[in-house]
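First the structure, in the form of structure tokens, and then the observations on it.
The values are calculated or read from the model by the stated rules, or taken from the named source; none is laboratory data. As the structure is a prediction and not an experimental result, all values here were calculated from the model. With ideal geometry, Cβ positions are generated from the backbone for all residues, glycine too; neighbour counts draw on all protein chains shown. Note: accessible area is taken over every heavy atom of the protein model, side chains too, but ligands, DNA and RNA are not part of it. Shrake-Rupley method; radii C 1.70, N 1.55, O 1.52, S 1.80 Å.
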Amino acid sequence: MHIDLERLGVHESVGTVFPARVLVEYLEDLPLEVGAIGDDEIADCDAVVTLEYDDAMLECAWIHSIQAGVDRFPFETLEAEDVILTNSTGIHGQSVGETVAGYLLAFARRLHDAAANQEDHRWDPPAWDEAFTISGTTACVVGTGTLGTGVADVLGSLGVHVSGVRRSTEPLPAFDEMYANDDLLEAISDVDFVIATVPLTDETHHLFDAEAFAAMRENAYFVNVARGSVVDEPALVDALEAGDIAGAALDVFETEPLPEESPLWDLDEVIVSPHCAGFTRDYGPNIGEIVTENVARLERDDDLKNRVV
Ligand code: NDP
């Protein structure tokens with residue numbers, strides 16, 4: 001299918017992650033009109049770069065999601081309407097890897113306690129047996145794509161022994177060991193950290209349920225930087241409250257923003273971050289590179305990079 005692009009809109013929803021003007025400026029040399037747009041102008045564009053989905057985008061020939069996760073987009077409708085969807089996988093490995101390392105270091109070095117104590121001007125060092133070093137610990141990373149590999153690379157550089165869980169058991173260089181999806185419970189049963197980096201699909205919905213948390217060690221921490229619904233959140237809260245696991249660092253939630261009444265805000269040993277594990281000041285240019293590459297590919301009638309639909 002040949003597409004002539006005349007107008008590309010950068011939808012205002014990208015503003016959650018970076019100002020739309022940053023991407024508009026990055027794309028200004030493209031051989032088409034590029035501008036920041038609100039909902040009213042979507043239908044005037046041949047292509048949109050966006051965080052949110054809106055039905056008006058069905059009028060466009062191409063939608064580019066600034067996220068890797070595209071679980072909010074209606075794949076079947078897009079296909080039926082001949083709308084191309086591309087995503088931004090490939091750019092979040094280092095940023096999310098460093099965020100996950102930050103969570104693990106916070107738990108091990110008790111930095112979250114220090115930050116909370118500082119709020120109250122309280123001088124309260126950890127008990128003698130609370131702090132540990134993450135070098136020599138073990139982590140299981142569930143989902144071995146860009147995110148999982150980035151996490152494995154950064155943790156590996158800190159001396160963490162990293163295993164992975166994927167659909168096949170094919171080894172990958174960043175991982176010391178590999179398990180198949182079917183062996184998830186075995187894979188997470190004897191590690192210090194379990195880290196979810198898997199896309200949200202029908203298969204991974206509530207992958208981390210009461211059974212999974214029961215399989216983990218009582219001194220193990222759980223990290224979710226994937227999507228909220230890969231976790232059965234009430235089961236996680238139960239496991240945390242019962243002391244079945246040691247704690248959790250959570251960047252994503254079943255409902256976002258995390259509702260004020262959620263018990264997760266107040267549980268000891270829970271770090272909450274507002275879906276920003278992949279943020280970096282280079283986010284706009286990183287998206288710009290993918291979009292520029294795909295505009296060139298469209299001109300050549302080549303297959304698009306990161307095409308989902
Ligand atoms: P990729 O497409 O690079 O990787 C996804 C990997 O998951 C694939 O390599 C695949 O490996 C594996 N996979 C797919 N389906 C399953 C399954 N059913 N069970 C187990 N593994 C599966 O995506 P990214 O790594 O870039 O992103 C992954 C997800 O992380 C995104 O979908 C998004 O939801 C989330 N994300 C969150 C961010 C944040 O800020 N918190 C930032 C970026 C992404 P294989 O084929 O070997 O099974």
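In terms of the ratio Rg/(2.2 N^0.38 Å) built on C-alpha atoms, what value belongs to region 93-272?
So the Cα radius of gyration is 0.98 times the expected 2.2 N^0.38 Å.
Compute the label zone of T292 within region 69-107: residues whose backbone N is under 17 Å from the point 7 Å along Cα-to-Cβ.
Flagged as within label range: 91.
Find, among the chymotrypsin sites (Phe, Trp or Tyr not before Pro) in region 182-289, those assigned to loop by DSSP (not H, G, I, E, B) with at most 13 other beta-carbon atoms within 10 angstrom.
Here no chymotrypsin sites (Phe, Trp or Tyr not before Pro) fit, given the DSSP loop and packing criteria.
Could you provide, to the nearest whole Å², the per residue accessible area of the chain with probe 1.4 Å?
49
For the chain, which whole percent of the accessible surface, found with a 1.4 angstrom probe, sits on carbon and sulfur atoms?
46
Given springs between every Cα pair under 10 Å in a Gaussian network model of the chain, which of E289, E233, E261 has the largest fluctuation?
Among E289, E233, E261, the largest mean-square fluctuation in the Gaussian network model of the chain belongs to E261.
Distance in nm between label sites at S189 and T133, each 7 Å beyond Cα in the beta-carbon direction?
For the pair S189/T133, the computed spacing is 3.1 nm.
Pick from G136, G150, G102: which is most flexible by mean-square fluctuation in a GNM of the chain where alpha carbon atoms under 10 Å apart are linked?
G136
When the scattering of the chain is computed by the Debye formula from its Cα atoms alone, each counted once and equally, what is log10 I(q)/I(0) at q = 0.08, 0.15 Å⁻¹?
The Cα Debye sum returns log10 ratios of -0.40, -1.17.
Of N117, N224, N181, which is the most mobile in a GNM of the chain whose springs link Cα atoms less than 10 angstrom apart?
Looking only at N117, N224, N181, the largest GNM fluctuation is found for N117.
Mind listing which trypsin sites (Lys or Arg not before Pro) in region 1-88 are in a DSSP loop and have 16 or fewer other Cβ atoms within 10 Å?
In loop regions of region 1-88 (DSSP not H, G, I, E or B), the sparsely surrounded trypsin sites (Lys or Arg not before Pro) are R72.
Pop the C-beta distance of R217 and L30 into the FRET formula with R0 = 45 Å and round what comes out to the nearest 0.05.
0.30
Between R307 and D182, what FRET efficiency comes out of the Förster formula 1/(1 + (r/R0)^6) with R0 = 30 Å and r the beta carbon distance, rounded to 0.05?
Efficiency computed from Cβ-Cβ geometry: 0.55.
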